[in-house]
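Participant: The structure is given below, and queries will be raised subsequently.
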Amino acid sequence: MELFERIATCTSRGKINQNSPYPPDLRGQEGVFELVRDALAGGVNPNDILTQGLMVGMNDVGRKFSKNEVFVPDLLMAAKAMTAGMDQLKPAFASGAAVHKGVFVVGTVKGDLHDIGKNLVRMMMEGAGYNVIDLGVDVAPEKFLAEVEKHPGAIIGLSALLTTTMVNMEATTKLVKEKDPKALVVVGGAPLTQEFCDKIGADAYSPDPQGIIDWLNARGCGCSCGCN
Amino acid sequence: MAMDTMTGVERTARILARKPVDRIGLFEHFWGDTLALWQEQGHIQPNQGMEDHFGFDMQGFWPFNAVARLGFEPVVVEETDETVLRRDGNGALLRTHKTHDATPEHVDFLVQDRAGWEEHIRPFLTPDRARINFEGYRAARRKAAEQGRFFFWSGVNVFELMHPVCGHQYMLMGMAVDPDWARDMVDTYARLTVDLMDILFSEEGKPDGVWFYEDMGFKGRPFISPDMYREIIQPGHRRTINHVKAMGLPVIMHSCGYVEPLVPGMIEAGIDCLQVIEVKAGMDLLRLYRDFGDRLSFMGGIDVRVLYTNDRAAIDRELSAKIPTVKGNWGYVLHSDHSIPNQVSYDSYKFFVDRGLELGRYL
């Protein structure tokens, strides 16, 4: 199997490293850690490892997740495998040899302490090649705004689990759009609908993380990763 | 309006067995601040509960404490005007909101793998009498009997017992990476539940039924696959449910989120009724009734977001679209698809109950 395909497969299947017992059918085989390590040592372009290996694998698991072909444990393991590769690409990101697609600022809105959905989005967006800034939970609109000011062009991701807190998405969206009308605000969470997204002036809603990634890819993220 | 001809206990027992009744059942959950507001507004007397006021058919009590370190006083690690961060008796660091009811934020866990479980939790999960609130169970059981209400033991089953010690992420990754560890947790908690039930029921008497809370889904999907459910969780469900059924008691299982793919496995495990059928997560009461109504009773599935509108016509449409169908097999209890928050007015909820029961009458 070709190198990038192997990295993608190990990422998608959640094969972190050779010692990892998961998945059982790949026991004893090299995982993302070894494949990325050896690829870098062999002079493979870090950006190619990212875009043709890790991102392809995360895209694959994200699509399967959207179709209920895999479930949260599979997604979590894929994210761990991806991290084993991404950690080794950090020097390449610092030097510019690998580039993020953009900055994605994510958080659960004010008044809401739920974080499982938000964490899944964070992992998937990292896997899609974004530099993710996770503001955590119970995040005030002003905190999102501060990140927009620090990172012009950043995409804002708002999460909420409760009908009682999703209303706080509107305040955040308004504040961000007042500062930068072109800023993209995407929303997700159990009680949300497309109608609510439209009503508060957010740009996109998806019931799962892959939907947001597909929406951004369809817009063209303006990078050189080939997503356009 | 026709009169009720059955008590709550008679009606609910028959609904759970899908046998003829006078009307559909009635029960509800509320967010904590709803009762306070409705009392403050004068709709409900200060010392009156929702069960008494609305005439619910059921009443439950949660008698068990499954925390690992009994008697451990949670340690406040950080406190702000709005939140408080505490380390609890399971070694979990959780942040809760002071101003409203909600699931706490999972900040950190001492247990992240099998070693942590074996060191911090497993040795402490003994069937200690101190885990049981005998007095509360006795009083609630007596009150339910006086009011003719179906009295249920209320508590969590293995899925909801595991994640408080290690959080959803470590629990779900553990199921993938170290399924034997997950199975050990399931077995340990199932055994503890059964042992504690034996102690309680032998001393205080059995309830009329058992209610297990198991939040196994979220928006559009369950946390785990049906295969993983059968391999890891179902043995715990079978063990606890078989024990309860051997006593002749019916079992209601609650799950938030979209759990439709798990329902066949839950039926295999022996549940009699599925609650709460969360519409916003993708659950569809009418589809469930069509596919499983011959084997399963239902409670819930009425979109609470419609009640938020406080629009009687919209509430009527939601009830009329579902109740006449799902009452068909005698196996339905009127309940929202989650809990009633305080933005639902008292009058709206009262209308929901009155209209729902009107549609749900057989005699």
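Participant: Rounded, prolate or oblate: which one fits the stretch B:149-298, using the alpha carbon gyration tensor with axes a ≥ b ≥ c (rounded when a/c is under 1.5, else prolate when a/b beats b/c, else oblate)?
Facilitator: Note, shape of the stretch B:149-298 comes out oblate.
Participant: Still on this structure, I have one more. Using a 10 angstrom cutoff on alpha carbons, build the Gaussian network for chain A and name the most mobile of A:A171, A:A94, A:A190.
Facilitator: Fluctuation is largest for A:A94.
Participant: Rounded, prolate or oblate: which one fits the protein assembly as shown, using the alpha carbon gyration tensor with axes a ≥ b ≥ c (rounded when a/c is under 1.5, else prolate when a/b beats b/c, else oblate)?
Facilitator: Here the protein assembly as shown falls in the prolate category.
Participant: Still on this structure: Could you sort the peptides A:22-31, B:152-161, B:6-15 by per-residue average Cβ neighbour count (10 Å cutoff), highest mean leading?
Facilitator: So the peptides A:22-31, B:152-161, B:6-15, ranked by packing, come out B:152-161, B:6-15, A:22-31.
Participant: Could you tell me how far the Cα centroid of the stretch A:25-77 sits from the Cα centroid of the stretch B:86-122, in Å?
Facilitator: That distance is 31 Å.
Participant: Moving on to the next point. Net charge near A:T163, counting Lys/Arg +1 and Asp/Glu -1 over other residues with Cβ under 12 Å of its Cβ?
Facilitator: Neighbourhood net charge equals -2.
Participant: Would you mind counting up the charge near A:L3? Only other residues with Cβ under 13 Å from its Cβ, with Lys and Arg at +1 and Asp and Glu at -1.
Facilitator: Numbers: positive: A:R6, A:R37; negative: A:E2, A:E5, A:E30, A:E34, A:D38, A:D48.
With Lys, Arg at +1 and Asp, Glu at -1, the net is -4.
Participant: Still on this structure: Where the centroid of each part is defined by its Cα atoms, how far is the stretch A:126-204 from the stretch B:233-312 in Å?
Facilitator: 33 Å
Participant: May I pose another question? Relative to the longest principal Cα axis of chain B, at what angle does helix B:312-326 sit, 0 to 90 degrees, rounded to 10?
Facilitator: Once rounded, one gets 80 degrees.
Participant: Compute the signed sum of charges (Lys and Arg +1, Asp and Glu -1) over the other residues within less than 14 Å, Cβ to Cβ, of B:R141.
Facilitator: Residues near B:R141 contribute -1 overall.
Participant: Which of the three applies to the stretch A:103-219, rounded, prolate or oblate, going by the alpha-carbon gyration tensor with a ≥ b ≥ c and a/c under 1.5 meaning rounded? Walk me through the intermediate numbers first.
Facilitator: Details: a/c = 1.19, a/b = 1.05, b/c = 1.14.
Verdict is rounded for the stretch A:103-219.
Participant: Follow-up. At 222 nm, what value in deg cm²/dmol follows for chain B if DSSP H runs of at least 4 each add -39500 (n - 2.57) and the sum is divided by all its residues, to the nearest 500?
Facilitator: Details: 13 runs with 152 residues, N = 363.
Estimated from H runs of four or more residues: -13000 deg cm²/dmol.
Participant: Inside 10 Å of the C-beta atoms of A:160-167, what's the mean count of C-beta atoms belonging to other chains?
Facilitator: Numbers: counts 0, 5, 7, 7, 9, 3, 0, 1.
For this peptide, the per-residue mean of nearby foreign Cβ atoms is 4.
Participant: Another question, if that's okay. Report, in debye and to the nearest 20, how large the dipole of the protein assembly as shown comes out about its Cα centre when Lys and Arg carry +1 and Asp and Glu carry -1 on their Cβ.
Facilitator: Roughly 840 debye for the protein assembly as shown.
Participant: Here's another thing I want to ask about it. Each label point is 7 Å from the Cα along the Cα-to-Cβ direction; what then is the distance between the points at B:E135 and B:A313, in nm?
Facilitator: Reported label-point gap for B:E135 and B:A313 is 5.4 nm.
Throughout, read-outs are computed from the coordinates displayed, never taken from laboratory work. All figures in this text were calculated on a predicted structure; none of them were measured in a lab. We place every Cβ from the backbone using ideal geometry, glycine too, and count neighbours over all the protein chains shown.
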